[in-house]
1. Return the total of residues in the stretch 31-75 being among the basic types (Lys, Arg), under 18 Å from residue 105 (Cα atoms) and outside any loop (DSSP other than H, G, I, E, B).
2. Output the number of the condition that residue 102 fails; it satisfies all remaining conditions of (1) surrounded by fewer than 17 Cβ atoms within 10 Å (Cβ to Cβ); (2) within 21 Å of residue 16 (Cβ to Cβ); (3) not aliphatic (A, V, I, L, M).
3. Can you name every residue in the stretch 117-126 that is at pLDDT 60 or above and either under 14 Å from residue 27 (Cβ atoms) or open to solvent by 50 Å² or more (accessible area, probe 1.4 Å) (or both)?
4. Of the conditions (1) over 17 Å from residue 82 (Cβ atoms); (2) more than 12 Å from the chain's Cα centre (by Cα), residue 53 clears all except one; give me its number.
5. Under 9 Å between Cβ atoms, at least 6 apart or on separate chains: pull out the pairs that start in the stretch 51-68 with a residue that is more than 28 Å from residue 92 (Cα to Cα) and end on any residue that is open to solvent by 80 Å² or more (accessible area, probe 1.4 Å) and among the aliphatic types (A, V, I, L, M).
6. Being under 15 Å from residue 11 (Cα atoms) and more than 15 Å from the chain's Cα centre (by Cα) narrows it down to one of 79, 71, so name that one.
Amino acid sequence: MLSPRQTSTVVQFRNMDFAMEHCVLHVEVPRPGDGFDPAVRMAPNPSRIEVWMLAMDTEMSRYIPGSMKNAPLRRRLLAVLEVSTTKPSQSDTFVCPSGQYTTLELACPTHSGSSCNVDFWQSKSLDHRAGE
């Protein structure tokens, strides 16, 4: 079994807006509602999460041969967020060039003795709106 320090999550966004190349990562843990149970497990609450910008500006997909063969290298630390079940958290503004992909890694802090564990389920089949 892997410890929280050995696991991380990679997220990728396609930057679609032309001439609006400034982004902010906004993290809000989903709350139960309308038959949706995110089964949130977080310890401690809040948990500190490092957000790393990765060296991958093209699409990663299981349908694109070789795109997921190796993990992208960390380019720079973008933010350290306090993720909580009670309030959202967000990064400072960062550059996200139009037509490219932004690839981020969410991980437990590398230089901290504090515990870190954030786990929840998000269903693609349900229509979720920010703030609900």
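1. Number satisfying all stated conditions: 3.
2. (1)
3. Passing the criteria: 117, 118, 119, 120, 121, 122, 125.
4. With (1) over 17 Å from residue 82 (Cβ atoms); (2) more than 12 Å from the chain's Cα centre (by Cα) applied to residue 53, the lone miss is (2).
5. 62/68
6. 71
The rows are residues; the columns are (1) surrounded by 11 or more Cβ atoms within 10 Å (Cβ to Cβ); (2) in contact with an Asp or Glu (Cβ under 9 Å, 6 or more places away or on another chain); (3) farther than 16 Å from residue 117 by Cα; (4) not hydrophobic (A, V, I, L, M, F, W, C).
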residue	(1), (2), (3), (4)
38	yes, no, no, yes
49	yes, yes, no, no
62	no, no, yes, yes
72	yes, yes, yes, yes
75	yes, no, yes, yes
81	yes, yes, no, no
94	yes, no, yes, no
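The values are calculated or read from the model by the stated rules, or taken from the named source; none is laboratory data. Computed from a predicted model, the values in this text were never measured in an experiment. Heads up, the Cβs are rebuilt from the backbone with ideal geometry, glycines too, and the neighbour counts pull from every protein chain shown. Areas reflect the complete protein model, heavy atoms only, side chains present, ligands, DNA and RNA absent. Shrake-Rupley method; radii C 1.70, N 1.55, O 1.52, S 1.80 Å.
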